[in-house]
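Where a number appears in this text, it was derived from the coordinates with a stated rule and is not lab data. Bear in mind that the values here come from a model prediction, so they are computed numbers and not experimental data. Please note: Cβ atoms are built from the backbone with ideal geometry, for glycine as well, and neighbour counts cover all protein chains shown.
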Amino acid sequence: MGEPFHVQLERVNQREPQSQRASGGHQAGNSPTFAKVLSQTQQVRFSNHAQQRLEKRHLQLSEENVSRLAEAIDKAEKRGGKSSLVLVDDLAFIVNVRDRLVVTALDASQRGEGVFTQIDSVVFADPLQSRSGVDLKG
């Protein structure tokens, strides 16, 4: 598995940090940032509030977690979900499905009373599958 995925607000919202804007836009060899590629291919964005919650709660997302989150949002969208609780292992995300926007994020230790209101669906993110249908986790 690779490095943990750290959501960086400026990059997720498709704005380049000031230092990159001044130097021509992209990092090392004009290659796009991971967050930019991810947002273009999977269309998952994180609100300012979600960004703050991830940082405050020290939640780290791997590339696999973000891919699974995107697939779960796809499933919610196909079923007509508008505001969904998406569960990825022990992480929970409240997502505005239409805008593909993560509104907030938490883990099992931060769930409070465990009551989520104003959602219309719950989606369990499936493990990533290889093309042959074998679970990649083991």
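For region 57-101, the Kirkwood estimate of the hydrodynamic radius, built from every pair of different alpha carbons, is 10.7 Å.
Starting with the fewest neighbours, write out 66, 103 ranked by other beta-carbon atoms found within 10 Å of each beta-carbon.
On the way: 66 21, 103 15.
In order of increasing Cβ crowding within 10 Å: 103, 66.
Listed peptides 84-96, 67-79, 115-127, 51-63 appear in the order 84-96, 67-79, 51-63, 115-127 once ranked by packing, highest mean of other Cβ atoms within 10 Å at the front.
Once backbone amide H atoms are built at 1.01 Å from N, residue 83 has 97, 120, 121 as its partners under 5 Å, excluding neighbours fewer than 5 places away on the same chain. All other residues whose Cβ lies under 11 angstrom from that of residue 44 are scored, Lys and Arg at +1 and Asp and Glu at -1, for a net of 0.
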